[in-house]
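The values are calculated or read from the model by the stated rules, or taken from the named source; none is laboratory data. Here the structure is a predicted model, which means the values were calculated and not measured. Every residue, glycine as well, gets a Cβ built from its backbone with ideal geometry; the counts of neighbours run over all protein chains shown.
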């Protein structure tokens, strides 16, 4: 699970004081209701979004409220973030979920600061003083599925045996005998009943290199054989390292995922600084990448100045690896940069996908048009941001890619879906363009790019008013800033002749006022004057506006830059529901797909 900062959510004004005290203790954000920095209208939807994104939640409210709010989205206990309920007076702190992901420790810390009681209910924590399946950072449990059996045996009072040195296990009760392991590199083993838990300390840095496009299987196989021959378990590897030229190499990341450790990278100068400690320096490697050894150099750089090379370079046809014992001052190296191109939907948090929420919460920097960043509300309040004006789209995408190229985790924010008339295509174009022709740097080309879809304006508009997109449809942008006017006109005529439902993006601006009227006139040549038209503005926001018109009554002056225009096909229909709160002023707009004909035909 990635580490994300907790969020304190208060559901009442009376809980705001305790919420602020907790936030000050943890350096966290306060959201919710009352006198808080970041008010939230739909608290239940907000809680669900945070939880699904993996954000630790501290609710200043009754435990039952959190249970009912999060019940519909509960899933895997191994991946859920900590969730705690804190009484409004701070008298009790209850870890509800994620006890072994930090919730129990967090509860004790908060209770200590508030003078309350940490109501920890996890049996192992209470009786044994430790969570057997949650070793501290730097350790790994090889067989977590056996933790329940070992804990149960110890709780029954059966004798246990602990071999090996691990200070964090010293809290175990007296009926666990201590046995000193003969080898400091030997695993720490806790036996009780018929089961045994095997713990490994992550004490080695693994350096790797490979030819471009090497098969992940070859890399994983080489490392597996090398570790086995050296008598080193996979669980003893703390991290995988290589030169920054390999930051986008699939085999390196597949190996890191296989071992369950991070992949980090060094530049050539850092690796060359280790040349005097290499066991197998190579002039050939130096000529190619600017350092005398990638695998050994990366392992030694990661292990720190007092680290020791444990296994020199071993190789297969296309890959190399080396192992170093980590010293007292290890170096992390730089992560591969990540650019998340995120569509946040129309703006309402409940219309934002959990993936989008998670990527935004994980980001170290947010990039986008200021209005779109403001729509994130509390979610983006504490993250550094870089804003760009309308018309600066290329500068916006270029900045995001280059920032990610420096090893940062960047989220580029678009409203709607970032792949529909938005930044997704421009990011791809900059990556595709040669650097000497206006493309981005080589470092930016090596970043990981994630495209997170969002609810598009055309989907939201159709859903609000019924199902106007119920049959074949298309989307056309009426902006001639990027598309020649003649091409837009050709597409208009083709869509009119094809009788598509049409979603018009960028229908007008202060300067562009004629293409929408022209589109209306072209469509009137091919479909009835009473064809339903929907004008939808500020979808999902407080000033949302839905207006029903017909093709004959569509007027350009009713449309602005924040409006999407949906024009029905010749088959589209509109009917009144009597519910003025429904659809567009009580109307439902839809396009039948022909199911009645299908049923009549018996198919």
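The table for this structure:
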item	result
Count of residues meeting criterion [surrounded by 19 or more Cβ atoms within 10 Å (Cβ to Cβ) and farther than 24 Å from residue 233 by Cα] in segment 257-267	1
Odd one out for residue 154 among (1) in a helix (DSSP H, G or I); (2) closer than 25 Å to residue 234 by Cβ; (3) in contact with a helix residue (DSSP H, G or I) (Cβ under 9 Å, 6 or more places away or on another chain)	(2)
Residue within segment 11-27 that is in contact with a helix residue (DSSP H, G or I) (Cβ under 9 Å, 6 or more places away or on another chain), in a strand (DSSP E or B) and not assigned by TED's automatic domain parsing to the domain that holds residue 262 present	no
Filter result for residue 256 (in a helix (DSSP H, G or I) and either within 28 Å of residue 198 (Cα to Cα) or modelled with pLDDT under 95 (or both))	yes
Criterion: surrounded by 14 or more Cβ atoms within 10 Å (Cβ to Cβ) and in a helix (DSSP H, G or I) - qualifying residue of 198, 208, 223, 189	223
So residue 64, is it on the phi > 0 side of the Ramachandran plot, surrounded by fewer than 19 Cβ atoms within 10 Å (Cβ to Cβ) and not assigned by TED's automatic domain parsing to the domain that holds residue 347	no
Search result, residues across segment 399-418 that are in contact with a helix residue (DSSP H, G or I) (Cβ under 7 Å, 6 or more places away or on another chain) and either crowded, with 20+ Cβ neighbours inside 10 Å or closer than 21 Å to residue 505 by Cα (or both)	401, 404, 405, 409, 410, 411, 412, 413, 414, 415, 416, 418
Count of residues meeting criterion [closer than 17 Å to residue 568 by Cα and touching a helix residue (DSSP H, G or I) at 6+ places or on another chain (Cβ under 7 Å)] in segment 484-503	5
Filter result for residue 524 (within 30 Å of residue 485 (Cβ to Cβ), modelled with pLDDT of 95 or more and assigned by TED's automatic domain parsing to the domain that holds residue 475)	yes
1 or more residues assigned by TED's automatic domain parsing to the domain that holds residue 353 and over 30 Å from residue 567 (Cβ atoms): qualifying strands (runs of 3 or more DSSP E) within segment 390-484	409-414, 448-452
Residues (modelled with pLDDT of 95 or more and under 23 Å from residue 346 (Cβ atoms)) located in segment 565-588	565, 566, 567, 568, 572
Hey, residue 339 more than 30 Å from residue 32 (Cα to Cα), assigned to a strand (DSSP E or B), touching a strand residue (DSSP E or B) at 6+ places or on another chain (Cβ under 6 Å) and at pLDDT 95 or above or not	no
